[in-house]
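To start, the structure under review is shown below, and the notes come after it.
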Amino acid sequence: MSAAMAKVSVLRYRPEQDEVPVWQDYQVPYSDDMSVLTALNYIKDELDGTLSLRWSCRQAICGSCGMMIGGKPSLACKTFLRDYPEGIRVEALAHFPIERDLVVVMDGFMDKLQKVKPYIIPKEARSLDEGEYLQTPAEMDLYAQFAGCINCGLCYAACPQVGLNPDFIGPGAIALLHRYNLDSRDGGSAERMALINSEVGVFNCTAVGYCSEVCPKMVDPANAVNVGKMNSARDYFFRFMRPAGEKGECR
Amino acid sequence: MNQALKRSHEPIFWLLFGAGGMLAALIGAMLVLITAFAVPLGLLPADAFSYANMLAFAQNLFGKAFILAVVALFFWHAVHRIFHSLHDVGIHAGTGARVLCYGTALAGTLLTVWALWTIGF
Ligand code: SF4
Ligand code: FES
(Lines give C-alpha, C1' and ligand atoms only; values in the text may rest on other atoms or scores of the structure.)
(Ligands and ions follow the chains in the order given, each with its own letter.)
Protein backbone atom coordinates (compact mmCIF):
# COMPACT_ATOMS: atom_id res chain seq x y z
CA MET A 1 0.00 0.00 0.00
CA SER A 2 3.03 2.26 0.16
CA ALA A 3 2.38 3.78 -3.27
CA ALA A 4 -1.28 4.56 -2.62
CA MET A 5 -2.11 8.24 -2.58
CA ALA A 6 -5.19 10.05 -1.34
CA LYS A 7 -6.61 13.32 -2.56
CA VAL A 8 -7.21 16.02 0.02
CA SER A 9 -9.00 19.20 -1.11
CA VAL A 10 -8.67 22.12 1.25
CA LEU A 11 -10.60 25.37 1.16
CA ARG A 12 -7.84 27.98 1.38
CA TYR A 13 -8.28 31.56 2.46
CA ARG A 14 -5.30 33.83 2.81
CA PRO A 15 -6.73 37.27 3.39
CA GLU A 16 -3.66 39.03 1.94
CA GLN A 17 -4.00 37.30 -1.44
CA ASP A 18 -7.44 35.63 -1.73
CA GLU A 19 -10.48 37.75 -2.41
CA VAL A 20 -12.68 34.77 -1.59
CA PRO A 21 -11.85 31.27 -0.32
CA VAL A 22 -10.49 28.93 -3.04
CA TRP A 23 -10.12 25.15 -3.25
CA GLN A 24 -6.67 23.62 -3.47
CA ASP A 25 -5.94 19.92 -4.03
CA TYR A 26 -3.10 17.94 -2.49
CA GLN A 27 -1.95 14.32 -2.84
CA VAL A 28 -0.83 12.64 0.37
CA PRO A 29 0.51 9.11 0.92
CA TYR A 30 -2.39 7.01 2.14
CA SER A 31 -2.48 4.55 5.02
CA ASP A 32 -5.42 2.91 6.75
CA ASP A 33 -4.78 4.57 10.05
CA MET A 34 -4.21 8.06 8.74
CA SER A 35 -6.42 10.71 10.31
CA VAL A 36 -7.39 13.88 8.48
CA LEU A 37 -5.28 15.81 10.99
CA THR A 38 -2.23 13.69 10.13
CA ALA A 39 -2.90 14.28 6.44
CA LEU A 40 -3.18 18.04 6.95
CA ASN A 41 0.02 18.10 8.96
CA TYR A 42 1.72 16.07 6.22
CA ILE A 43 0.67 18.77 3.78
CA LYS A 44 1.92 21.51 6.07
CA ASP A 45 5.26 19.80 6.81
CA GLU A 46 6.06 18.30 3.40
CA LEU A 47 4.07 20.04 0.68
CA ASP A 48 2.90 23.52 1.59
CA GLY A 49 4.02 25.31 4.72
CA THR A 50 1.53 28.11 4.19
CA LEU A 51 -1.46 25.97 5.24
CA SER A 52 -2.93 27.12 8.58
CA LEU A 53 -4.88 24.97 11.00
CA ARG A 54 -5.41 24.57 14.74
CA TRP A 55 -4.69 21.39 16.63
CA SER A 56 -3.07 20.21 19.80
CA CYS A 57 -3.97 16.92 21.49
CA ARG A 58 -4.52 14.61 18.47
CA GLN A 59 -6.95 12.60 20.60
CA ALA A 60 -10.32 14.35 20.58
CA ILE A 61 -9.88 16.08 23.90
CA CYS A 62 -8.61 19.62 23.31
CA GLY A 63 -11.39 20.57 20.92
CA SER A 64 -9.23 22.72 18.64
CA CYS A 65 -9.28 20.77 15.35
CA GLY A 66 -12.95 21.21 14.46
CA MET A 67 -13.59 21.66 10.73
CA MET A 68 -16.01 20.68 7.98
CA ILE A 69 -14.95 17.33 6.54
CA GLY A 70 -16.99 16.17 3.58
CA GLY A 71 -19.49 18.87 4.55
CA LYS A 72 -19.95 17.56 8.08
CA PRO A 73 -18.69 19.25 11.25
CA SER A 74 -15.96 16.90 12.53
CA LEU A 75 -12.77 16.73 14.56
CA ALA A 76 -9.88 16.24 12.14
CA CYS A 77 -8.08 13.97 14.62
CA LYS A 78 -11.10 11.70 15.00
CA THR A 79 -11.87 11.36 11.26
CA PHE A 80 -9.98 8.97 9.00
CA LEU A 81 -9.05 9.00 5.31
CA ARG A 82 -10.15 5.37 4.98
CA ASP A 83 -13.78 6.45 5.32
CA TYR A 84 -13.49 8.70 2.25
CA PRO A 85 -12.27 6.50 -0.63
CA GLU A 86 -13.30 9.19 -3.15
CA GLY A 87 -11.01 11.77 -1.58
CA ILE A 88 -11.76 14.25 1.09
CA ARG A 89 -12.90 17.89 1.19
CA VAL A 90 -11.87 19.96 4.18
CA GLU A 91 -13.05 23.47 4.97
CA ALA A 92 -13.29 25.83 7.93
CA LEU A 93 -16.05 25.28 10.47
CA ALA A 94 -19.37 26.61 9.17
CA HIS A 95 -21.08 29.60 10.84
CA PHE A 96 -17.75 30.98 12.11
CA PRO A 97 -15.87 33.76 10.32
CA ILE A 98 -12.73 32.38 8.64
CA GLU A 99 -9.56 33.94 9.97
CA ARG A 100 -7.22 32.03 7.68
CA ASP A 101 -7.56 28.67 5.88
CA LEU A 102 -8.98 26.26 8.47
CA VAL A 103 -8.63 28.66 11.37
CA VAL A 104 -11.87 30.38 12.43
CA VAL A 105 -12.60 33.32 14.74
CA MET A 106 -13.84 31.86 18.02
CA ASP A 107 -14.40 35.13 19.91
CA GLY A 108 -18.20 35.13 19.63
CA PHE A 109 -18.33 31.54 20.84
CA MET A 110 -16.04 32.25 23.80
CA ASP A 111 -18.19 35.22 24.69
CA LYS A 112 -21.30 33.01 24.75
CA LEU A 113 -19.57 30.45 26.98
CA GLN A 114 -18.80 33.23 29.46
CA LYS A 115 -22.36 34.50 29.39
CA VAL A 116 -23.83 31.28 30.83
CA LYS A 117 -21.77 31.69 34.02
CA PRO A 118 -20.09 28.30 33.62
CA TYR A 119 -18.96 27.89 37.20
CA ILE A 120 -20.54 26.79 40.44
CA ILE A 121 -22.46 29.57 42.16
CA PRO A 122 -22.78 28.09 45.66
CA LYS A 123 -26.26 27.83 47.17
CA GLU A 124 -24.94 29.18 50.44
CA ALA A 125 -21.48 30.44 51.20
CA ARG A 126 -19.33 28.10 53.28
CA SER A 127 -16.21 28.89 55.22
CA LEU A 128 -13.06 26.84 54.66
CA ASP A 129 -13.36 24.91 57.93
CA GLU A 130 -16.82 23.69 56.99
CA GLY A 131 -15.02 21.52 54.46
CA GLU A 132 -15.77 20.65 50.86
CA TYR A 133 -19.12 20.48 49.13
CA LEU A 134 -20.09 16.81 49.09
CA GLN A 135 -21.85 15.12 46.22
CA THR A 136 -23.04 11.54 45.74
CA PRO A 137 -22.26 9.56 42.58
CA ALA A 138 -25.98 9.65 41.72
CA GLU A 139 -25.96 13.46 41.95
CA MET A 140 -22.92 13.59 39.73
CA ASP A 141 -24.50 11.27 37.16
CA LEU A 142 -27.20 13.88 36.60
CA TYR A 143 -24.83 16.32 34.92
CA ALA A 144 -21.80 14.18 34.00
CA GLN A 145 -22.88 13.82 30.37
CA PHE A 146 -23.03 17.59 29.90
CA ALA A 147 -19.65 18.05 31.58
CA GLY A 148 -18.02 16.12 28.72
CA CYS A 149 -18.13 19.14 26.38
CA ILE A 150 -14.71 20.11 24.98
CA ASN A 151 -15.88 23.42 23.47
CA CYS A 152 -15.03 22.32 19.96
CA GLY A 153 -17.82 24.29 18.32
CA LEU A 154 -18.99 21.46 16.06
CA CYS A 155 -22.56 21.83 17.30
CA TYR A 156 -22.51 25.52 16.26
CA ALA A 157 -21.44 24.56 12.77
CA ALA A 158 -24.25 21.98 12.73
CA CYS A 159 -27.00 24.31 13.92
CA PRO A 160 -28.97 26.06 11.17
CA GLN A 161 -30.37 28.53 13.70
CA VAL A 162 -26.87 29.65 14.71
CA GLY A 163 -26.34 30.25 11.00
CA LEU A 164 -29.50 32.38 10.83
CA ASN A 165 -29.00 34.29 14.06
CA PRO A 166 -25.36 34.56 15.13
CA ASP A 167 -26.49 36.04 18.46
CA PHE A 168 -28.26 32.80 19.44
CA ILE A 169 -26.44 31.60 22.53
CA GLY A 170 -26.25 28.18 20.86
CA PRO A 171 -26.24 24.46 21.70
CA GLY A 172 -22.83 24.06 23.37
CA ALA A 173 -23.23 27.05 25.70
CA ILE A 174 -26.74 25.93 26.67
CA ALA A 175 -25.44 22.41 27.39
CA LEU A 176 -22.79 23.97 29.60
CA LEU A 177 -25.38 26.14 31.34
CA HIS A 178 -27.50 23.07 31.94
CA ARG A 179 -24.50 21.21 33.36
CA TYR A 180 -24.20 23.79 36.14
CA ASN A 181 -27.95 24.02 36.72
CA LEU A 182 -28.02 20.26 37.29
CA ASP A 183 -25.15 20.32 39.76
CA SER A 184 -26.36 19.70 43.32
CA ARG A 185 -23.76 22.15 44.64
CA ASP A 186 -24.95 24.97 42.41
CA GLY A 187 -27.56 27.59 43.25
CA GLY A 188 -27.24 29.76 40.15
CA SER A 189 -30.19 28.51 38.05
CA ALA A 190 -32.28 31.62 38.66
CA GLU A 191 -29.39 33.89 37.64
CA ARG A 192 -28.95 31.98 34.40
CA MET A 193 -32.66 32.03 33.60
CA ALA A 194 -32.71 35.52 32.05
CA LEU A 195 -30.43 34.33 29.26
CA ILE A 196 -32.47 31.18 28.63
CA ASN A 197 -35.67 33.25 28.47
CA SER A 198 -34.28 35.98 26.25
CA GLU A 199 -34.54 36.52 22.53
CA VAL A 200 -31.08 35.01 22.11
CA GLY A 201 -32.10 32.05 24.29
CA VAL A 202 -33.55 28.57 23.82
CA PHE A 203 -36.47 29.55 21.61
CA ASN A 204 -34.17 30.14 18.66
CA CYS A 205 -34.02 26.34 18.47
CA THR A 206 -36.39 24.58 16.09
CA ALA A 207 -35.53 21.08 17.32
CA VAL A 208 -33.34 20.06 14.39
CA GLY A 209 -31.18 17.86 16.63
CA TYR A 210 -28.11 17.82 14.36
CA CYS A 211 -26.03 19.36 17.20
CA SER A 212 -26.29 16.18 19.26
CA GLU A 213 -25.56 14.06 16.22
CA VAL A 214 -22.23 15.72 15.41
CA CYS A 215 -21.01 16.07 18.99
CA PRO A 216 -17.76 14.07 19.31
CA LYS A 217 -18.17 13.66 23.07
CA MET A 218 -21.71 12.25 23.17
CA VAL A 219 -23.03 15.36 24.87
CA ASP A 220 -26.70 15.92 24.07
CA PRO A 221 -27.04 19.70 23.68
CA ALA A 222 -30.45 19.28 22.00
CA ASN A 223 -31.74 17.76 25.22
CA ALA A 224 -30.36 20.63 27.28
CA VAL A 225 -32.07 23.12 24.97
CA ASN A 226 -35.37 21.25 25.16
CA VAL A 227 -35.33 21.15 28.94
CA GLY A 228 -34.53 24.86 28.78
CA LYS A 229 -37.66 25.45 26.67
CA MET A 230 -39.85 23.69 29.22
CA ASN A 231 -38.29 25.66 32.08
CA SER A 232 -38.60 28.91 30.18
CA ALA A 233 -42.25 28.29 29.27
CA ARG A 234 -43.01 27.59 32.93
CA ASP A 235 -41.15 30.74 33.92
CA TYR A 236 -43.05 32.75 31.30
CA PHE A 237 -46.49 31.85 32.63
CA PHE A 238 -45.78 31.50 36.34
CA ARG A 239 -43.39 34.41 36.80
CA PHE A 240 -46.22 36.63 38.09
CA MET A 241 -46.80 34.26 40.98
CA ARG A 242 -43.33 34.72 42.39
CA PRO A 243 -42.23 37.52 44.71
CA ALA A 244 -41.00 40.52 42.75
CA GLY A 245 -37.29 40.38 43.56
CA GLU A 246 -36.90 36.88 42.19
CA LYS A 247 -38.10 37.63 38.69
CA GLY A 248 -35.62 37.17 35.85
CA GLU A 249 -33.95 40.35 34.68
CA CYS A 250 -35.84 40.16 31.40
CA ARG A 251 -38.28 42.89 30.64
CA MET B 1 -24.05 40.67 21.65
CA ASN B 2 -26.49 43.07 23.20
CA GLN B 3 -26.24 43.54 26.92
CA ALA B 4 -29.91 44.12 27.77
CA LEU B 5 -31.73 40.83 27.46
CA LYS B 6 -35.25 41.01 26.12
CA ARG B 7 -37.62 38.27 27.13
CA SER B 8 -38.85 36.16 24.24
CA HIS B 9 -42.62 35.71 23.83
CA GLU B 10 -42.08 32.48 21.99
CA PRO B 11 -43.38 30.27 24.88
CA ILE B 12 -46.98 31.15 23.92
CA PHE B 13 -46.54 29.96 20.35
CA TRP B 14 -44.30 27.08 21.31
CA LEU B 15 -46.88 25.69 23.75
CA LEU B 16 -49.70 26.02 21.19
CA PHE B 17 -47.42 24.33 18.66
CA GLY B 18 -46.61 21.55 21.11
CA ALA B 19 -50.23 21.01 22.08
CA GLY B 20 -51.27 20.87 18.41
CA GLY B 21 -48.47 18.46 17.60
CA MET B 22 -49.41 16.18 20.46
CA LEU B 23 -53.08 16.19 19.46
CA ALA B 24 -52.21 15.61 15.80
CA ALA B 25 -49.99 12.68 16.71
CA LEU B 26 -52.66 11.15 18.92
CA ILE B 27 -55.74 11.51 16.73
CA GLY B 28 -54.75 13.12 13.42
CA ALA B 29 -54.22 9.90 11.48
CA MET B 30 -57.37 8.37 12.99
CA LEU B 31 -59.48 11.37 11.96
CA VAL B 32 -58.22 11.14 8.39
CA LEU B 33 -58.86 7.40 8.35
CA ILE B 34 -62.43 7.82 9.58
CA THR B 35 -63.49 10.87 7.60
CA ALA B 36 -61.61 10.20 4.35
CA PHE B 37 -61.75 6.42 4.11
CA ALA B 38 -63.84 4.49 6.63
CA VAL B 39 -67.09 6.41 6.16
CA PRO B 40 -66.95 6.94 2.37
CA LEU B 41 -65.93 3.32 1.80
CA GLY B 42 -68.76 2.07 3.97
CA LEU B 43 -66.50 0.51 6.61
CA LEU B 44 -68.45 2.46 9.21
CA PRO B 45 -72.24 2.81 9.19
CA ALA B 46 -73.18 5.54 6.72
CA ASP B 47 -75.20 7.58 9.19
CA ALA B 48 -72.26 7.84 11.62
CA PHE B 49 -71.45 11.11 9.87
CA SER B 50 -74.99 12.05 8.88
CA TYR B 51 -75.95 15.72 9.03
CA ALA B 52 -78.20 15.19 12.03
CA ASN B 53 -75.51 13.39 14.00
CA MET B 54 -72.86 15.95 13.18
CA LEU B 55 -75.17 18.84 14.05
CA ALA B 56 -75.96 17.26 17.40
CA PHE B 57 -72.23 16.75 17.97
CA ALA B 58 -71.46 20.38 17.19
CA GLN B 59 -74.26 21.57 19.46
CA ASN B 60 -73.04 19.55 22.40
CA LEU B 61 -70.63 21.41 24.71
CA PHE B 62 -68.05 18.61 24.70
CA GLY B 63 -68.43 18.28 20.96
CA LYS B 64 -67.77 22.00 20.59
CA ALA B 65 -64.69 21.78 22.80
CA PHE B 66 -63.38 18.87 20.74
CA ILE B 67 -63.93 20.62 17.41
CA LEU B 68 -62.36 23.84 18.65
CA ALA B 69 -59.32 22.01 20.03
CA VAL B 70 -58.77 20.04 16.84
CA VAL B 71 -59.22 22.93 14.42
CA ALA B 72 -57.44 25.64 16.42
CA LEU B 73 -54.51 23.63 17.76
CA PHE B 74 -53.85 21.97 14.39
CA PHE B 75 -53.82 25.49 12.91
CA TRP B 76 -51.31 26.83 15.47
CA HIS B 77 -49.14 23.79 15.05
CA ALA B 78 -49.11 24.08 11.27
CA VAL B 79 -48.34 27.80 11.04
CA HIS B 80 -45.50 27.53 13.56
CA ARG B 81 -43.96 24.73 11.56
CA ILE B 82 -44.45 26.60 8.27
CA PHE B 83 -43.03 29.83 9.69
CA HIS B 84 -39.88 28.14 10.94
CA SER B 85 -39.43 26.20 7.70
CA LEU B 86 -39.69 29.26 5.46
CA HIS B 87 -35.95 29.83 5.27
CA ASP B 88 -35.51 26.26 4.01
CA VAL B 89 -37.38 27.27 0.86
CA GLY B 90 -35.42 30.49 0.55
CA ILE B 91 -37.80 32.96 2.17
CA HIS B 92 -36.19 35.00 4.89
CA ALA B 93 -38.98 35.21 7.41
CA GLY B 94 -39.58 38.68 8.80
CA THR B 95 -42.44 40.43 10.50
CA GLY B 96 -44.67 40.16 7.42
CA ALA B 97 -44.35 36.37 7.25
CA ARG B 98 -44.88 36.17 11.00
CA VAL B 99 -48.10 38.18 10.87
CA LEU B 100 -49.35 36.21 7.88
CA CYS B 101 -48.61 32.80 9.46
CA TYR B 102 -49.86 33.38 12.97
CA GLY B 103 -52.63 35.67 11.70
CA THR B 104 -53.97 32.76 9.66
CA ALA B 105 -54.11 30.60 12.78
CA LEU B 106 -55.76 33.38 14.76
CA ALA B 107 -58.33 33.93 12.00
CA GLY B 108 -58.98 30.18 11.81
CA THR B 109 -59.44 30.01 15.56
CA LEU B 110 -61.83 32.99 15.68
CA LEU B 111 -63.78 31.64 12.70
CA THR B 112 -64.19 28.31 14.46
CA VAL B 113 -65.36 29.98 17.66
CA TRP B 114 -67.84 32.04 15.68
CA ALA B 115 -69.14 29.00 13.76
CA LEU B 116 -69.49 26.93 16.93
CA TRP B 117 -71.32 29.80 18.54
CA THR B 118 -73.76 30.48 15.71
CA ILE B 119 -74.57 26.78 15.22
CA GLY B 120 -76.37 26.98 18.55
CA PHE B 121 -76.55 24.80 21.63
S1 SF4 C 1 -21.56 20.08 23.01
FE2 SF4 C 1 -20.30 18.61 21.84
S3 SF4 C 1 -20.19 19.52 19.75
FE4 SF4 C 1 -20.88 21.16 21.12
S5 SF4 C 1 -19.00 22.26 21.73
FE6 SF4 C 1 -19.38 20.68 23.32
S7 SF4 C 1 -18.22 18.87 22.66
FE8 SF4 C 1 -18.35 20.24 20.86
S1 FES D 1 -6.42 17.86 18.06
FE2 FES D 1 -7.40 18.00 20.02
S3 FES D 1 -9.45 17.54 19.52
FE4 FES D 1 -8.44 17.17 17.64
Quiz prompt | Dimensionless Rg over Rh [chain B; C-alpha; Kirkwood] | solution = 1.09
Practice problem: Could you give the DSSP H helices of chain B that reach 30 angstrom or more along their long axis (alpha carbon positions) and whose average Kyte-Doolittle hydropathy is no lower than 1.0? | Solution: B:61-85, B:95-118
Practice problem: Before rounding to the nearest 500, sum -39500 (n - 2.57) across all DSSP H runs of length at least 4 in chain B and divide by the residue total; then give [θ] at 222 nm in deg cm²/dmol. | Solution: -20500 deg cm²/dmol
Self-check item: Cα gyration tensor, segment B:11-79 - rounded (a/c under 1.5), prolate or oblate
Solution: oblate
Quiz item: What is chain B's relative contact order, in percent, from Cα pairs under 8 angstrom and six or more apart in sequence?
Solution: 31
Self-check item: Partner chain coverage, peptide A:164-171 - average Cβ within 10 angstrom
Solution: 1
Quiz item: Excluding ligands, DNA and RNA, what is the solvent-accessible area per residue of chain A at a probe of 1.4 Å, expressed in Å²?
Solution: 51
Quiz item: Which residues in segment B:66-107 have a backbone N closer than 17 Å to a point placed 7 Å from the Cα of B:Ile34 along the Cα-to-Cβ line?
Solution: B:66-74
Quiz prompt | Residues in segment B:75-90 that, when all protein chains are in place, have 10 Å² or more less accessible area than the chain alone would give (probe 1.4 Å) | solution = B:Arg81, B:His84, B:His87
Self-check item: Rounded percent of accessible protein surface that carbon and sulfur make up, segment B:10-119, 1.4 Å probe
Solution: 78
Self-check item: Relative counts (whole %) of C-alpha pair distances in segment A:65-165, using bins that are 10 Å wide
Solution: 12, 32, 26, 17, 10, 2, 0
Quiz item: In degrees between 0 and 90, to the nearest 10, how far off the longest principal axis of chain A does helix A:221-238 point, with axes built from Cα atoms?
Solution: 30
Practice problem: Summarise the long-distance tail of P(r) for segment A:5-104 by giving the % of C-alpha pairs beyond 24 Å. | Solution: 13
Practice problem: Pop out the carbon and sulfur fraction of the accessible area of chain A as a percent, whole number, probe 1.4 Å. | Solution: 53
Practice problem: Just add up the charged neighbours of A:Asn41: K/R +1, D/E -1, any other residue whose Cβ is under 15 Å from the Cβ of A:Asn41. | Solution: -1
Quiz item: Listed highest first by mean packing, meaning other Cβ atoms within 10 Å per residue, what order do B:32-43, B:16-27 come in?
Solution: B:16-27, B:32-43
Quiz prompt | Relative contact order %, chain A, counting alpha carbon pairs below 8 Å whose residues are six or more apart | solution = 17
Quiz item: Any idea what % of Cα-Cα pairs in segment A:144-251 are farther than 22 Å?
Solution: 30
Quiz item: Between chains A and B, what is the buried accessible area summed over both chains (1.4 Å probe, protein heavy atoms, nearest 100 Å²)?
Solution: 2200
Practice problem: Could you run the Debye sum over the Cα atoms of the protein assembly as shown, one equal point scatterer each and no solvent, and tell me log10 of I(q)/I(0) at q = 0.07, 0.14 Å⁻¹, two decimals? | Solution: -0.47, -1.18
Quiz item: Which sequence of B:Trp14, A:Trp23 reflects their accessible areas, 1.4 Å probe, from the largest down?
Solution: A:Trp23, B:Trp14
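The values are calculated or read from the model by the stated rules, or taken from the named source; none is laboratory data. Since the structure is predicted, the reported quantities are computational estimates derived from the model, not experimental observations. In this analysis, Cβ positions are derived from the backbone assuming ideal geometry, glycine residues included, and neighbour counts consider all displayed protein chains. The accessibility values were calculated without ligands, DNA or RNA, using every heavy atom of the protein model including side chains. Shrake-Rupley method; radii C 1.70, N 1.55, O 1.52, S 1.80 Å.
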